[in-house]
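Here is the structure we will look at, set down as structure tokens.
The values are calculated or read from the model by the stated rules, or taken from the named source; none is laboratory data. Note that the structure is predicted; figures quoted are calculated from it, not measured. Glycine gets a Cβ as well: all are built from the backbone with ideal geometry, and neighbour counts include every protein chain shown. These accessible areas exclude ligands, DNA and RNA; they are computed on the full protein's heavy atoms, side chains included. Shrake-Rupley method; radii C 1.70, N 1.55, O 1.52, S 1.80 Å.
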Amino acid sequence: MLKIKALVGAMALAVSAASVSAGEVEVLHYLTSSGEAAAVNVLKKELEKEGHSWKDFAVAGGGGETAMTVLKSRAVSGNPPAAAQIKGPSIQEWGELGFLASLDDVAKQGKWDSLLPPVVSDVMKYEGEYVAVPVNVHRVNWLWANPELFKQAGVAIPTTWDQFFDAAEKLQAKGIIPLAHGGQAWQDATLFEAVALGVGGSEFYNKAFHDLDQQTLKSNIMVKVFETFKKTRKYIDADAPGRDWNIATSMVINGQAAMQIMGDWAKGEFTAAGKNAGVDYVCLAAPDTSGAFTFNIDSFAMFALSDDEGQAAQADMARLVMEPTFQETFNLNKGSIPARLGMDRSAFDSCAHASMDAFVASAQTGDLVPSMAHGMSTNSRAQGAIYDVVTNFYNSKNLSAKEAVDKMARAIKASL
Ligand code: GAL
């Protein structure tokens with residue numbers, strides 16, 4: 001059962017959803033790059049069309065670490081925003097603390113259970129009740145490439161790690177930066193999990209980053225993952241430390257770097273820059289992961305409010321997010337695919353189609369895996385433990401892969 005405070009809020013939410021009073025929704029999010037801002041603007045417009053007002057609470061910082069810190073301090077001081085971009089197991093953490101309002105009434109009316117695949121709806125529920133609404137499904141294991149630079153270097157865009165290193169050598173020999181990267185912990189972790197999936201496969205990945213299985217974490221395969229991950233460092237430029245992910249994407253867009261390994265929010269940047277998939281840029285699964293899909297689902301959770309207008313606005317926002325109009329327009333801008341099933345695909349590009357197909361196919365083969373780097377596979381403590389080791393190892397001159405493996409296994413154990 002939800003805690004009392006949230007339950008009262010939930011009941012009021014259900015009642016006021018039927019009324020027409022306009023309210024304000026303060027929305028905390030970290031959607032601040034060009035593509036992300038275009039996407040979040042869709043939600044703002046939809047809400048304003050209903051007569052509600054949008055109070056923007058944007059906290060910059062890719063991956064949302066800073067936004068989550070700010071959210072915690074607002075919540076602890078008893079003044080949380082009406083809605084926040086929260087996802088994965090941390091929805092459960094907020095539910096347990098009793099902060100969230102139930103959206104079950106809106107969800108029942110809108111038949112969300114039949115509109116969402118279970119892999120999505122399961123994450124949105126706390127103790128069986130909807131407490132969050134999904135805006136999209138991101139595929140994280142992507143490689144973005146500038147085909148012109150590959151032509152110049154006379155080499156094919158890689159689909160395996162062997163090919164990746166071979167191509168990287170040739171690109172570098174031509175004076176081209178092979179891999180655009182931003183040295184921030186979450187970006188290091190994004191690259192690391194792509195390597196882990198490619199080198200170890202889905203079963204290994206799940207055992208390590210979902211089950212947090214010590215034997216897998218300490219295995220020789222994990223040593224190979226760390227070694228392969230470290231090898232990529234030779235192919236990033238000296239200015240990578242601290243660089244934001246969208247700046248790294250712009251290097252691929254502008255022809256300064258040949259590739260980026262990043263989730264498909266990067267596609268939002270190509271779109272915002274007026275570039276076309278398959279022409280100006282190429283999307284391929286990250287090396288050796290073509291049959292797999294690392295998922296990252298963005299969602300908004302609602303915080304229990306006491307005023308009727310605010311609750312009505314929250315209910316409207318939750319309803320609007322699930323509408324086909326929103327799911328299409330938001331995702332065209334964001335680079336992701338709709339969370340809602342049965343949507344018309346015609347407005348989407350070839351990368352989105354590939355993502356939609358891979359999402360369905362990977363669910364059948366057991367290759368649909370939750371993103372560790374984006375908070376879908378573990379709670380925030382275990383994720384933080386992995387981040388620390390991964391980023392320290394990537395930047396260290398003398399830590400061996402074997403030592404990093406032992407450190408990570410121990411850090412995860414201590415976080416449980
Ligand atoms: C992810 C998030 C995406 C995108 C990205 C960069 O964690 O799910 O929506 O915002 O970080 O900030």
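Scanning the stretch 153-200 for residues that are under 26 Å from GLY242 (Cβ atoms) and either modelled with pLDDT under 95 or outside any helix (DSSP H, G or I) (or both) yields GLY175, ILE176, ILE177, PRO178, LEU179, ALA180, HIS181, GLY182, GLY183, GLN184. For the stretch 42-54, a residue qualifies if it is free of Cβ contacts under 8 Å to residues at least 40 places away in the same chain and either under 23 Å from the mean Cα position of the chain (by Cα) or assigned to a helix (DSSP H, G or I) (or both), and the qualifying residues are LYS44, LYS45, GLU48, LYS49.
You will find that of HIS181, HIS210, the residue that is within 24 Å of the chain's Cα centre (by Cα) and either open to solvent by 70 Å² or more (accessible area, probe 1.4 Å) or among the basic types (Lys, Arg) (or both) is HIS210 and no other. Restricted to the stretch 287-331, and to residues there that are of a type outside the set (Val, Ile, Thr), over 30 Å from LYS72 (Cβ atoms) and more than 16 Å from the ligand (Cβ to nearest atom), the residue that is most open to solvent (accessible area, probe 1.4 Å) is SER290. For beta carbons closer than 6 Å, sequence separation of 6+ or different chains, a first residue in the stretch 62-73 that is of a type outside the set (Asp, Glu) and a second that is near the ligand (Cβ under 9 Å from one of its atoms) and assigned to a helix (DSSP H, G or I), the qualifying pairs are GLY62/TRP245; GLY63/TRP186.
Of the residues making up the stretch 369-401, those that are assigned to a loop (DSSP other than H, G, I, E, B) and either in contact (Cβ under 8 Å) with a residue 40 or more places away in the chain or under 23 Å from ALA67 (Cα atoms) (or both) are SER371, MET372, ALA373, HIS374, GLY375, MET376, SER377, THR378, ASN379. Residues in the stretch 105-120 that are open to solvent by 30 Å² or more (accessible area, probe 1.4 Å) and part of a helix (DSSP H, G or I): ASP105, LYS108, GLN109, ASP113, SER114, LEU115, PRO118, VAL119. Screening GLY95 with (1) within 14 Å of the ligand (Cβ to nearest atom); (2) within 21 Å of ASP307 (Cα to Cα) gives one miss only, at (1). Scanning the stretch 342-356 turns up no residue that is within 15 Å of the ligand (Cβ to nearest atom), touching a Gly at 6+ places or on another chain (Cβ under 7 Å), open to solvent by less than 30 Å² (accessible area, probe 1.4 Å) and not acidic (Asp, Glu). Of all residues in the stretch 192-207, those being open to solvent by 50 Å² or more (accessible area, probe 1.4 Å) and among the aromatic types (Phe, Trp, Tyr) number 0. In the stretch 24-35, the residue that is farthest from the ligand (Cβ to nearest atom) out of those that are in contact (Cβ under 8 Å) with a residue 60 or more places away in the chain and open to solvent by 20 Å² or more (accessible area, probe 1.4 Å) is GLU24.
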